[in-house]
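The structure appears below as structure tokens.
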């Protein structure tokens with residue numbers, strides 16, 4: 001957008017009868033099917049009022065004319081007094097930081113954390129990960145993309161950061177009318193940006209302009225630390241290792257041997273660099289398809305197997321095929337776990353709920369002739385809050401289980 005984005009609502013989105021209750025309950029999304037009509041001519045990213053069929057104001061949010069989320073709610077004010085997109089961004093960033101500091105985030109051995117978890121911190125469409133002295137910002141809304149310079153300046157001022165890297169959520173970019181390239185704020189010509197940070201006492205280097213999402217999967221931080229408590233003397237397989245997270249934690253915790261596998265050669269190169277950075281010699285990495293690697297090993301080859309695949313179900317229409325992929329990967333992985341060994345399996349697909357995930361694992365255990373004893377259900381850490389009105393935000397599901405033969 002060439003002109004400055006609007007700061008206060010002008011148009012209105014009128015809801016259909018019977019579609020008001022979710023907004024009253026605090027749900028952060030107005031779905032396209034809930035909209036009766038639009039008053040005015042708001043553009044992508046413009047703030048709008050959300051009103052009921054009787055034109056009573058319910059609150060305000062930002063407009064997305066082509067998205068299934070027609071309005072992302074930002075507030076429940078019923079008058080224009082005090083309503084401002086720009087001031088709200090600053091307020092929510094400060095509030096998010098205060099909550100994390102109160103919870104002990106960051107800590108002495110970890111300077112990487114999620115500062116803004118979209119709806120969970122009441123900034124829908126915005127994800128901010130702090131990785132040492134840089135923020136990696138993932139934009140999923142035109143409203144935030146058009147204000148990226150403001151967001152970057154606020155992050156620098158509030159957290160005393162050196163740099164801010166802008167990433168685009170390519171899954172929604174076209175629908176949200178986000179037209180731009182990923183870049184370092186204030187230095188758009190740079191083609192790489194290596195961030196250096198520490199998590200659970202382990203040093204990482206990641207190129208934020210070549211990696212996936214925000215560069216590092218911080219939602220698994222607490223689960224990587226959990227794995228470290230279980231690995232001493234074990235043979236460990238980490239499938240879909242990315243930058244080496246689970247594998248590095250296992251190796252540092254005293255595993256006898258660790259193998260990390262990822263299909264991305266770029267990610268594997270960074271995983272190898274991270275192992276060297278931490279002087280870990282009991283670990284190796286392979287750039288290869290996870291299932292193909294699993295088939296090269298005989299059954300019962302590893303004491304612990306971790307499977308953390310990418311999002312395989314990106315929409316409801318993709319559920320059937322995506323669940324088949326999850327089943328194939330889990331089947332290949334589970335057969336490699338020794339009797340009384342441990343299995344950690346995850347799904348980060350929001351369209352796969354807990355019951356679907358559990359049924360899939362049940363089918364996998366039956367097909368492999370194993371019994372999977374779930375000792376712990378796993379999810380994202382404290383820096384990934386979810387508002388109770390929108391449990392859909394709890395996308396990461398995982399289990400820690402022991403494996404025995406039937």
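The values are calculated or read from the model by the stated rules, or taken from the named source; none is laboratory data. The shown structure was predicted, so the numbers you read here are calculated from the model rather than taken from an experiment. Neighbour counts are summed over all protein chains in view; Cβ atoms, including those assigned to glycine, are modelled from backbone coordinates with ideal geometry.
For the list (1) modelled with pLDDT under 95; (2) under 30 Å from residue 225 (Cα atoms), I need the number of the one condition that residue 103 fails.
Unmet for residue 103, out of (1) modelled with pLDDT under 95; (2) under 30 Å from residue 225 (Cα atoms): (1).
Can you confirm whether residue 15 is more than 28 Å from the chain's Cα centre (by Cα) and under 24 Å from residue 120 (Cα atoms)?
Judged against the criteria, residue 15 is a match.
Of all the residues that make up region 177-192, how many are closer than 21 Å to residue 162 by Cα and surrounded by 12 or more Cβ atoms within 10 Å (Cβ to Cβ)?
Counting residues in region 177-192 that are closer than 21 Å to residue 162 by Cα and surrounded by 12 or more Cβ atoms within 10 Å (Cβ to Cβ) gives 6.
For residue 218, only one of the following conditions fails: (1) more than 18 Å from the chain's Cα centre (by Cα); (2) modelled with pLDDT of 95 or more. What is its number?
The one condition residue 218 does not meet is (1).
Scan region 35-54 and tell me whether some residue there is out of contact with any strand residue (DSSP E or B) (no Cβ under 8 Å at 6 or more places or on another chain) and over 19 Å from residue 172 (Cβ atoms). Write out each step before concluding.
If we filter region 35-54 for residues that are out of contact with any strand residue (DSSP E or B) (no Cβ under 8 Å at 6 or more places or on another chain), which is where we start, we get 54.
The next check asks that each one be over 19 Å from residue 172 (Cβ atoms); those that pass are 54.
Scanning region 35-54 turns up at least one residue that is out of contact with any strand residue (DSSP E or B) (no Cβ under 8 Å at 6 or more places or on another chain) and over 19 Å from residue 172 (Cβ atoms).
Output the residue which, of all residues in region 320-339 that are in contact with a helix residue (DSSP H, G or I) (Cβ under 9 Å, 6 or more places away or on another chain) and closer than 21 Å to residue 171 by Cα, is surrounded by the fewest Cβ atoms within 10 Å (Cβ to Cβ).
323
Please specify each residue of region 358-389 satisfying the condition of being in contact with a strand residue (DSSP E or B) (Cβ under 7 Å, 6 or more places away or on another chain) and not in a strand (DSSP E or B).
Initial filter on region 358-389 (in contact with a strand residue (DSSP E or B) (Cβ under 7 Å, 6 or more places away or on another chain)): 361, 365, 369-379, 383-385.
Listed by number, the residues that qualify are 361, 365, 369, 379, 383, 384, 385.
Within region 334-348, is there a residue that is in a strand (DSSP E or B) and closer than 27 Å to residue 22 by Cβ? Even if it seems obvious, please write down each step before you answer.
Pass one, region 334-348, residues in a strand (DSSP E or B): 337-347.
Still in the running and closer than 27 Å to residue 22 by Cβ: 347.
Checked against the condition, which is being in a strand (DSSP E or B) and closer than 27 Å to residue 22 by Cβ, region 334-348 yields at least one hit.
Between 275, 287, 253, which is within 25 Å of residue 377 (Cβ to Cβ), modelled with pLDDT of 95 or more and touching a helix residue (DSSP H, G or I) at 6+ places or on another chain (Cβ under 8 Å)? It would help to see each step written out before you state the result.
Details: 275 fails: within 25 Å of residue 377 (Cβ to Cβ); 287 fails: within 25 Å of residue 377 (Cβ to Cβ).
One residue alone meets the criteria, 253.
Looking at this structure, is residue 342 touching a strand residue (DSSP E or B) at 6+ places or on another chain (Cβ under 8 Å) and either within 20 Å of residue 404 (Cα to Cα) or crowded, with 20+ Cβ neighbours inside 10 Å (or both)? Give the steps one after another, and end with the answer.
On the way: touching a strand residue (DSSP E or B) at 6+ places or on another chain (Cβ under 8 Å): yes; either within 20 Å of residue 404 (Cα to Cα) or crowded, with 20+ Cβ neighbours inside 10 Å (or both): yes.
Judged against the criteria, residue 342 is a match.
Quick one: in region 99-129, of everything that is over 24 Å from residue 28 (Cα atoms) and in contact with a helix residue (DSSP H, G or I) (Cβ under 9 Å, 6 or more places away or on another chain), which residue is surrounded by the most Cβ atoms within 10 Å (Cβ to Cβ)?
The selected residue is 112.
Which one is surrounded by the fewest Cβ atoms within 10 Å (Cβ to Cβ), of the residues in region 17-59 that are touching a helix residue (DSSP H, G or I) at 6+ places or on another chain (Cβ under 6 Å) and touching a residue at least 24 places away in the same chain (Cβ under 8 Å)?
Step by step, filter region 17-59, then rank; the result is 58.
Taking residue 210, is it more than 16 Å from residue 115 (Cβ to Cβ), in contact (Cβ under 8 Å) with a residue 40 or more places away in the chain and within 19 Å of the chain's Cα centre (by Cα)?
Details: more than 16 Å from residue 115 (Cβ to Cβ): yes; in contact (Cβ under 8 Å) with a residue 40 or more places away in the chain: yes; within 19 Å of the chain's Cα centre (by Cα): yes.
Yes.
Find the residue count for region 140-174, including only residues that are within 14 Å of residue 62 (Cα to Cα) and outside any helix (DSSP H, G or I).
From region 140-174, those within 14 Å of residue 62 (Cα to Cα) are 140-147; that's our starting set.
Narrowing further to those that are outside any helix (DSSP H, G or I): 140-141, 146-147.
Here the count works out to 4.
Can you confirm whether region 226-233 contains a residue that is farther than 13 Å from residue 129 by Cα, touching a residue at least 12 places away in the same chain (Cβ under 8 Å) and under 15 Å from the mean Cα position of the chain (by Cα)? I'd like the intermediate steps shown before the answer.
Of all residues in region 226-233, those farther than 13 Å from residue 129 by Cα come to 226-233.
With the extra rule that they be touching a residue at least 12 places away in the same chain (Cβ under 8 Å), the set shrinks to 226-233.
This time we only want the ones that are under 15 Å from the mean Cα position of the chain (by Cα), so: none.
Scanning region 226-233 turns up no residue that is farther than 13 Å from residue 129 by Cα, touching a residue at least 12 places away in the same chain (Cβ under 8 Å) and under 15 Å from the mean Cα position of the chain (by Cα).
Mind checking which residues of region 390-405 are out of contact with any strand residue (DSSP E or B) (no Cβ under 6 Å at 6 or more places or on another chain) and modelled with pLDDT under 95? Steps first, please.
Initially, region 390-405 is screened for residues out of contact with any strand residue (DSSP E or B) (no Cβ under 6 Å at 6 or more places or on another chain), giving 390-396.
Those that are out of contact with any strand residue (DSSP E or B) (no Cβ under 6 Å at 6 or more places or on another chain) and modelled with pLDDT under 95: 390, 391, 392, 393, 394, 395.
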